[in-house]
Amino acid sequence: MNHFLSRIAKDLTNTNLERYWPNFELVAYALYDKNRVFLFNHLRYNQVPPKIYKILKWDEQFVGNTLILFDGYPTAIADMELYDDYEGLFSILVHELFHGNQYIKSEKRFPDEMLGITYPLTKENVEIRNQERKNLYNALLETDISKKKQYLNEFISLREKRAEGIKEHLTYENLIESVEGPAWYVEIKAFSEKSLLPNDLVLKRYGKNLIDVVESTSNIRRSCYSSGLFMCLLLDELSPNWKESFLGTDETLYELIKRLNIAPRKQVTEEVKISPETETAVNFAVESRKKELDGFEVQIGTQLFIEGEIIALSFDPMNIVPFEGRLLHKNYIKVRINNQECLIQQPSLTYCGYGLKNINKLVIVLKDKPLENGDSLLITGIGEIKEQYTIQGDTINLVVN
């Protein structure tokens, strides 16, 4: 992937980015692998003579594809080892750079992630949601303007029906769509530009999650990306200047769609009939969560239980599995234990007292036994934790203040 570095720098300029979104401001960005970080456009790393990037040694700040504050400056990061093709790497970097653009434009539509974790998987809500998403998909693909408006009207009616039962959690969906949908929008624009695939296949590639009932039920947060994307693309058709002021408002994409006054909205009053497809999707989602937690608990290794006051500093909300009061962090979690920061780059299980950040128990399965050092444990990949602990066979209990 190193041979892409010069090409990335050439393609990522403010002028080029404005093809995807008006006034798209370029923040710092970095590509990395397990050894090195290639840092671009960072104000604190200007070089003389100037070079297009600064090479740094990898450290634990560079995890996943996301936006971080690196040396006080918003920095989009992407893991080069996850991509084999230029268009994939380039487009995900544009996605994360857009989050940087949102950051410097003071985006405030970020939702309470706890609502995503506690999202109710009721069969009635899932049934209506599936119908709603199919209408949104059809609205974009339909070329007849009259039928397009019918599909969009049906989409709005179904969402209003859902609001009656899960208003707070529907607000969560609306906000995720409005923050992540535009990021997917610029990503698809960038991917289409660099890919050899025809546009209709690119759209189907990005739209498959919108109508995949099992996938959209199993991961509510991720499923909002595709619904947000499709609303962006519909707004391009029906209200072409919508992007000019979007980042300066607090309106959601759904509110913009509703304001189009497409047609008189019909009221959905009939009883909701649960389809076999919905039954299967909900049961699959619940069983999948249980299976993932069961899989974590039967791992071979030393089980480390840390109990007490633990603060979550950062985590990957797209890779959290909730089940019966527990949260499985599949990717990573960074925590503070007794004023010491620990990055756990492996699956871990948390029990939260209130909110996502206040943890009262953390469980990690260690491949290597910790080294005992008097009143502390030295844990590979985590560091030294100085607290009282007891060891019984392959179980370690550690209590922190």
Practice item. Select from region 379-390 the residues that are closer than 22 Å to residue 298 by Cα and in contact (Cβ under 8 Å) with a residue 12 or more places away in the chain and list them in ascending order. Key: 379, 380, 381, 382
Practice item. Name the single residue, out of those in region 279-312 being of a type in the set (A, V, I, L, M) and under 30 Å from residue 391 (Cα atoms), that is most open to solvent (accessible area, probe 1.4 Å). Key: 300
Exercise for review: Answer yes or no: is there a residue in region 240-249 that is closer than 30 Å to residue 103 by Cα, open to solvent by 80 Å² or more (accessible area, probe 1.4 Å) and in contact (Cβ under 8 Å) with a residue 12 or more places away in the chain.
Suggested key: yes
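Provide a single number: the residues in region 379-393 that are over 31 Å from the mean Cα position of the chain (by Cα), surrounded by 13 or more Cβ atoms within 10 Å (Cβ to Cβ) and outside any strand (DSSP E or B).
The total comes to 1.
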Review point. Does region 337-359 contain any residue that is among the acidic types (Asp, Glu), surrounded by 14 or more Cβ atoms within 10 Å (Cβ to Cβ), closer than 25 Å to residue 114 by Cβ and in contact (Cβ under 8 Å) with a residue 24 or more places away in the chain?
Key: no
Exercise for review: Considering only region 55-89, state which residues are open to solvent by less than 50 Å² (accessible area, probe 1.4 Å) and among the small types (Gly, Ala, Ser).
Suggested key: 64, 76, 78, 88
Exercise for review: Of all residues in region 337-363, count the ones that are under 15 Å from residue 321 (Cα atoms) and outside any loop (DSSP other than H, G, I, E, B).
Suggested key: 7
Revision key, fill the gap. Among strands (runs of 3 or more DSSP E) entirely within region 263-336, at least 3 residues that are of a type outside the set (A, V, I, L, M, F, W, C) and over 22 Å from the mean Cα position of the chain (by Cα) occur in 302-315
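Just give me the residues in region 204-222 being in contact (Cβ under 8 Å) with a residue 24 or more places away in the chain and either under 17 Å from residue 140 (Cα atoms) or acidic (Asp, Glu) (or both), in sequence order.
Residues satisfying the conditions are 207, 210, 211.
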Exercise for review: Name, by its number, the condition in (1) open to solvent by less than 30 Å² (accessible area, probe 1.4 Å); (2) in contact with a helix residue (DSSP H, G or I) (Cβ under 6 Å, 6 or more places away or on another chain) that does not hold for residue 92.
Suggested key: (2)
Check your understanding: Does residue 55 meet the test of being part of a strand (DSSP E or B), closer than 24 Å to residue 21 by Cβ and either modelled with pLDDT of 95 or more or not small (Gly, Ala, Ser) (or both)?
Key -> no
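The values are calculated or read from the model by the stated rules, or taken from the named source; none is laboratory data. These numbers come from a predicted model, not from an experiment. In this analysis, Cβ positions are derived from the backbone assuming ideal geometry, glycine residues included, and neighbour counts consider all displayed protein chains. Ligands, DNA and RNA are stripped out before the accessible areas are found, and what is left, the full protein with its side chains, is counted by its heavy atoms. Shrake-Rupley method; radii C 1.70, N 1.55, O 1.52, S 1.80 Å.
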